[in-house]
Each structure stands twice: as C-alpha cells, then as structure tokens.
C-alpha cells in the first residue's frame, strides 16, 4: 500500500515510515499543509496519516481536500490530545480513525490495515500466511483449510498480531487494543497471556505451530 | 464566637466591675460623710445643751430634735474636757443584733456651767449602712440593666450599620472561588479600616488569581508540550524493542524504559484530560440513561469481574436520564468501576450498585484501610500499595464537580462506599 504521512515532527515521522516500510508499505511524507497538498495532487495513496497541528495550518484542511478530491482514500488523524475535542469530532470531519499521541506503532499499523480493508470494497479482505487465512470480512479463520472457531477477543488479538506480522507487539499495546482505557487493571497481562495461550493451542491443534511466539517480558510476535 | 458577642462580653464584664467598684466607693464616701455629719450634729447638740444650761433651762425641757437621747448627770468635778464617741447597735425589738438594729452614735462630755459640773451624753441613731448598700445595689442593678439594654441596642445598630461592610466583605470572600469568580468587587465604605481591608483582600485575590492562572497554564503547557517528546520516546523504544540481539541486561533495560514511559504517558494523559475539563472543553451533551451507562461498563469489565469472582448486586428501581457529556460520563463510570474492581479483595468480593433519581452509590469490599478524607481526592496521594489511586479519584472528583454533583465517601467494616448525589 502507498501511504502518505503528514507530520512535522521529524523523528516521529521517520519512525513511523521505518515501521510501516517493514510491514511492506510504501511511504511518502510531508511536513506541512502546503507540501502535503502538493504530494496529494501528484500521487495516489491508499491512506493518509494526518497530524492536525502543522506549522503552516491545520490538518483539517488536508482532510477536507482529500474528502473532496479523493473520497475513497483512507484518513487517520494522528494528533496531540488537545487539538480536537474528541474522537467523534475527528470522525465528523471525515477521518476514518483517530489516534492520539503517543501511540503504539503496532496500533497504528493495525488501524491502517483496518482502514484499508474497510475502504477496499470487494477487494482483498483476506490475510494469508503459511497455511493460515484470515477472512476479515466474514471474520473467519482457516488453518490448512480447516475452519477454526475463536472467541471475539481471540480473533481480535490474532488480527492485531497479523497486522504487524514481523514485529514484536508489546503486551501493553495488545492490552490497550483489547480493553482500551480499562487496560490499567492489574490483571490485564494475565488475561492477554491466557487469551494468547488459547489462541496458540487452537492453532497448534490445527497443525500451525509457527505462529505466535512469546518474547519473554516484552510481548508477542506473530511469526519470526 | 462572633465578634460582637465577644466585644459584648468584654464590655458587659467591664461595666459590671466598674459599677461594683463605683458603688463600693460611693457607699464608703457616703458612710464617711454621714459619720462626720453625725459628729457635727452631736457637737452642735453639745453647744446647744451648754448654752441652754447657761441660760438655766432645765435639761428636761430640751427638745428632742437636738438628739435622740440626752442624759445629764451632775457630777462633783469636771475631770476631762475631751469629747468621747461611742458607737453601738441598738435593738428596737430584742437585745440581739439583727436586721432591724440601728447604729447609734453617742457623744459623752463633761462641762462646767454656773459652778456646777455635768456629765452629759447625747446620742443619735444613724440610717443603717446596710440599708444604704441595699439602696445603692438596687440603683446599680437598675442602671446596669438599662445600660445593658442600651449596649445591646447599640451593638445591634453597630452590626447593622457600622459593621455591614465588614460582614459583606466576609460573605464575599467566603463564596469566592478561584476557578469561577471574577475579581472581587466590594461596596464602598467610609470607614478607613474596612477600606484598607477590602483593598488588601482585592490585591491578595488578584495576586492569587494570577498565580493560579500562571501555574495552571504552566501545567497545561508542560503536559501538552510533553506529548511530542513522549511520542518520540515511545516509538523509539518500540523500535528498539524490535532488535533481537540484546544481552539480558539490555533486554531488561529496554523493557524498564518502555514501562516507565508508559507510566509517564498515562500520567500525562490524565493531566491533559483534567486541564481540558477545567477549561470546559467538553461542552456537547447527550441525554444518557445512567442504567445503560452502568450496564455497558459492567459488560466491558466483565473479564475482570469474573477473574476476581466478584458478585454484583444491583439495586435499580427506575431509569435515570441525565444530560451529560458522553465522553466525561464514560470516563467517570469507567474510573468508578475500575476502582471498585481493582481495590476489591483478591477473590470473591462484592460490588453493590444503587441507583435512584437522587443518587448513585457504589460499595465494594476491600482489604484496604479507610482512605484519609483529607487526601481522598488529592491528585497525587500515594497509597501504600498503588500509585494510581489518587489520580483516578481526583479525576472522578473533577468530573463530578463539572457535572455539579456531590460525592461522599464512607468506610465501614471493610466496605468502601462512594455516594454521588445527582
């Protein structure tokens, strides 16, 4: 996928580009409203990450431009907490999703996948790995052709991991993805662990032993 | 004690003491005066007697108005020319001294008239001292009473008119709120001290307000400005974590930096949220049924409730609709329920939720001690076992204040109860 990152903070932008490139995306960047609009007029992107607070204006301008010229393009707002009233306002102005800084790169990657999938009507809705197929439209998982039944949480975790196939996912990022602002509960990581255990068990039983590795103390990896 | 009550007491005590001293002095002066008056009368009686004797009048004919009792005895020879006084009580009824007894003063002298010598005594009774005292006491009480009434009325007048700017100032400071009110404006007064007081308070509150504003802006700026560096740090760490060839030591360090950053980031989020609430950035409202709100939260937290095997007791009898900002009400109930679950006993605890049109209460069993009320909603009170208690509760308090609700906390037999008056 081709993604445009409009963010004026250089180190942050570089990390995002690095991470997303590792996930197989082709990334362009802009650091202002002006250069962002230029990039948008020159190329076609599947998704844009837009910071609201830019040095020469508001990212809202960019979103309005996208909605006008290229409405099928996905838009994710990445912004400081004080720039917009809340997520709702972000979605109202036409964004598909909204992330407040700081965010987990794995979360960003998962959101991008989700936005692209939603945008890609009738297109590719299936993630395919060695012997594992995840049909995101039907929410169906096939292991070597066998239909596996997962609970909703197990499925969400699997999808989250699959959206970051080569990266380490911290247990904090995973917990936040599942429980949101309830992730601070002391028992959260035990939950994550037990969900992962069930998930692995089901995959193992279906003969898929290569997926989901525990990285001691830090988190999990979908595959090596 | 009220200012006027206190001054009233002082002036009353002073008045009473002054009256008592005054009465005592007056009494003494009168007694001395009466005494010398009596002596003079007795001496003038002596003159009259001597004069009469010289004129040859018989002592029997002496009118009684010069003395109450006159005795004249012929003696052989005058032995002294001195006057001698004697005081004694005379009973009108019995011999014994009682209330009716009179003080009688007696003058004895000798004189020689027309070659005859006489020993003469003249006596005169005195209005009794005690009686004078009683009169004076009576007068004092009457005057005291009158002056008390006058003082009371005077203070009423003073408090109503003279002190009214002072009390107005007092009421204004009492209701002044650094977050809400504008600068204090006081009513004009021509009393210098009150002018000074008002001016000083005005200056002070202005100073406090500007300090508060600066501090608030500082905190806001810090937390807002911290977001970008925090984002950079957390993404950098996330990338660092992707490295595979770490030693155990490096691995641990990265993990610890990551966790510390997470904490910092959560803290910052709360700070930003709080300042946004304070700055009233959550204006939009929806009509929310609190029962739905509670049910949704219980469902969202189902995993944690089940894990601790917590029994939920619900006492709802009616739908309660409120116009609230949905974001804030979500955060509020989230924090309330998270607290009730997080600080519940290890396993098999209870959470009781009561909702009616007036109030919402939540009770949870807990091993924790009663929370000190002074620090209950303070932002960064650290409890012995968790650092996040203070932030959660102060966030709850902040939202409740924002909604104009009230919260009360009680602790009894290991059950913590928060009651919110809607």
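The values are calculated or read from the model by the stated rules, or taken from the named source; none is laboratory data. Here the structure is a predicted model, which means the values were calculated and not measured. Every residue, glycine as well, gets a Cβ built from its backbone with ideal geometry; the counts of neighbours run over all protein chains shown.
Test residue A:49 against the stated conditions and say whether it is at pLDDT 90 or above and within 14 Å of chain B (Cβ to nearest Cβ).
So residue A:49 fits the description; yes.
Of the numbered conditions (1) more than 60 Å from the chain's Cα centre (by Cα); (2) at pLDDT 75 or above; (3) surrounded by 12 or more Cβ atoms within 10 Å (Cβ to Cβ), residue B:34 satisfies every one except a single condition; which is it?
Just one mismatch for residue B:34, condition (1).
Using beta carbons and a limit of 6 Å, which pairs, at least six apart or on different chains, have the first residue in segment B:221-236 and facing another protein chain (nearest Cβ under 7 Å) and under 18 Å from residue A:19 (Cα atoms) and the second one at pLDDT below 90 and part of a helix (DSSP H, G or I)?
B:230/B:265; B:234/B:261
For the condition at pLDDT 80 or above and within 60 Å of the chain's Cα centre (by Cα), what is the one hit in B:127, B:150?
Sole residue among the options that is at pLDDT 80 or above and within 60 Å of the chain's Cα centre (by Cα): B:150.
When you check residue B:276 against the structure, is it out of contact with any helix residue (DSSP H, G or I) (no Cβ under 8 Å at 6 or more places or on another chain) and not assigned by TED's automatic domain parsing to the domain that holds residue B:413, yes or no? Lay out the reasoning, then the answer.
Values: out of contact with any helix residue (DSSP H, G or I) (no Cβ under 8 Å at 6 or more places or on another chain): yes; not assigned by TED's automatic domain parsing to the domain that holds residue B:413: yes.
In short, yes.
Working carefully through the options B:202, B:256, find the one that is in contact (Cβ under 8 Å) with a residue 12 or more places away in the chain and either more than 30 Å from residue B:328 (Cβ to Cβ) or loosely packed, with under 15 Cβ neighbours inside 10 Å (or both).
On the way: B:256 fails: in contact (Cβ under 8 Å) with a residue 12 or more places away in the chain.
From the options B:202, B:256, the qualifying one is B:202.
Being at pLDDT below 75 and either loosely packed, with under 10 Cβ neighbours inside 10 Å or over 19 Å from residue B:37 (Cβ atoms) (or both) is the filter here, so list the residues in segment B:66-89 that pass it.
Once the filter is applied, which keeps residues that are at pLDDT below 75 and either loosely packed, with under 10 Cβ neighbours inside 10 Å or over 19 Å from residue B:37 (Cβ atoms) (or both), segment B:66-89 yields only B:89.
Given the condition without any contact (Cβ under 8 Å) to a residue 40 or more places away in the chain, more than 9 Å from every other protein chain (Cβ to nearest Cβ) and surrounded by fewer than 16 Cβ atoms within 10 Å (Cβ to Cβ), answer yes or no: does some residue in segment B:268-278 qualify?
Taking every residue of segment B:268-278 in turn, none turns out to be without any contact (Cβ under 8 Å) to a residue 40 or more places away in the chain, more than 9 Å from every other protein chain (Cβ to nearest Cβ) and surrounded by fewer than 16 Cβ atoms within 10 Å (Cβ to Cβ).
Mind checking whether some residue in segment B:257-269 is farther than 24 Å from residue B:392 by Cβ and assigned by TED's automatic domain parsing to the domain that holds residue B:220?
yes
Just for segment A:137-171: of the residues that are assigned to a loop (DSSP other than H, G, I, E, B) and without any contact (Cβ under 8 Å) to a residue 60 or more places away in the chain, which one is surrounded by the most Cβ atoms within 10 Å (Cβ to Cβ)?
Top of the filtered list is A:150.
Hey, among the residues in segment B:240-265 that are at the interface with chain A (Cβ under 7 Å from one of its Cβ atoms) and within 17 Å of residue B:225 (Cα to Cα), which one's farthest from the chain's Cα centre (by Cα)?
Only one residue fits best here, namely B:262.
With respect to residue B:213, is the statement that it is exposed (fewer than 15 other Cβ atoms within 10 Å of the Cβ) and under 24 Å from the mean Cα position of the chain (by Cα) true?
For residue B:213, the condition - exposed (fewer than 15 other Cβ atoms within 10 Å of the Cβ) and under 24 Å from the mean Cα position of the chain (by Cα) - is not met.
Restrict the check to segment B:304-326 and report whether at least one residue is crowded, with 19+ Cβ neighbours inside 10 Å, within 10 Å of chain A (Cβ to nearest Cβ) and within 48 Å of the chain's Cα centre (by Cα).
Yes, the conditions are met somewhere in segment B:304-326.
Before we move on, is residue B:342 out of contact with any strand residue (DSSP E or B) (no Cβ under 8 Å at 6 or more places or on another chain) and over 24 Å from residue B:281 (Cβ atoms)?
Working: out of contact with any strand residue (DSSP E or B) (no Cβ under 8 Å at 6 or more places or on another chain): yes; over 24 Å from residue B:281 (Cβ atoms): yes.
Criteria met by residue B:342.
Please specify each residue of segment A:1-27 satisfying the condition of being in a strand (DSSP E or B) and either over 13 Å from the mean Cα position of the chain (by Cα) or without any contact (Cβ under 8 Å) to a residue 60 or more places away in the chain (or both).
Correct list: A:2, A:4, A:5, A:6, A:26, A:27.
Is segment A:28-42 home to any residue that is crowded, with 20+ Cβ neighbours inside 10 Å, free of Cβ contacts under 8 Å to residues at least 60 places away in the same chain and either within 14 Å of chain B (Cβ to nearest Cβ) or closer than 22 Å to residue A:169 by Cα (or both)?
no
Within segment A:173-185, identify whether any single residue is surrounded by fewer than 14 Cβ atoms within 10 Å (Cβ to Cβ), at pLDDT below 85, facing chain B (nearest Cβ under 9 Å) and within 27 Å of residue B:347 (Cα to Cα), and answer yes or no.
For segment A:173-185, residues surrounded by fewer than 14 Cβ atoms within 10 Å (Cβ to Cβ), at pLDDT below 85, facing chain B (nearest Cβ under 9 Å) and within 27 Å of residue B:347 (Cα to Cα): present.
Among the residues of segment A:161-172, count how many are more than 9 Å from chain B (Cβ to nearest Cβ) and either out of contact with any helix residue (DSSP H, G or I) (no Cβ under 6 Å at 6 or more places or on another chain) or over 20 Å from residue B:261 (Cα atoms) (or both).
Here the count works out to 5.
How many residues are part of a loop (DSSP other than H, G, I, E, B) and within 14 Å of chain B (Cβ to nearest Cβ) when one looks only at segment A:186-224?
Of all residues in segment A:186-224, those part of a loop (DSSP other than H, G, I, E, B) come to A:186-187, A:206-212, A:216-218, A:222-224.
Filter once more, so that each one left must be within 14 Å of chain B (Cβ to nearest Cβ): A:186-187, A:216-218, A:222-224.
Of the residues in that region, 8 qualify.
Let's see how each residue does on (1) within 14 Å of chain B (Cβ to nearest Cβ); (2) within 21 Å of residue A:170 (Cβ to Cβ); (3) part of a strand (DSSP E or B); (4) modelled with pLDDT of 90 or more:
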| site | (1), (2), (3), (4) |
| --- | --- |
| A:76 | no, yes, yes, yes |
| A:82 | yes, no, no, no |
| A:88 | yes, no, no, no |
| A:99 | yes, yes, yes, no |
| A:103 | yes, yes, no, no |
| A:108 | yes, yes, no, yes |
| A:114 | no, yes, no, no |
| A:118 | no, no, no, no |
| A:121 | no, no, no, no |
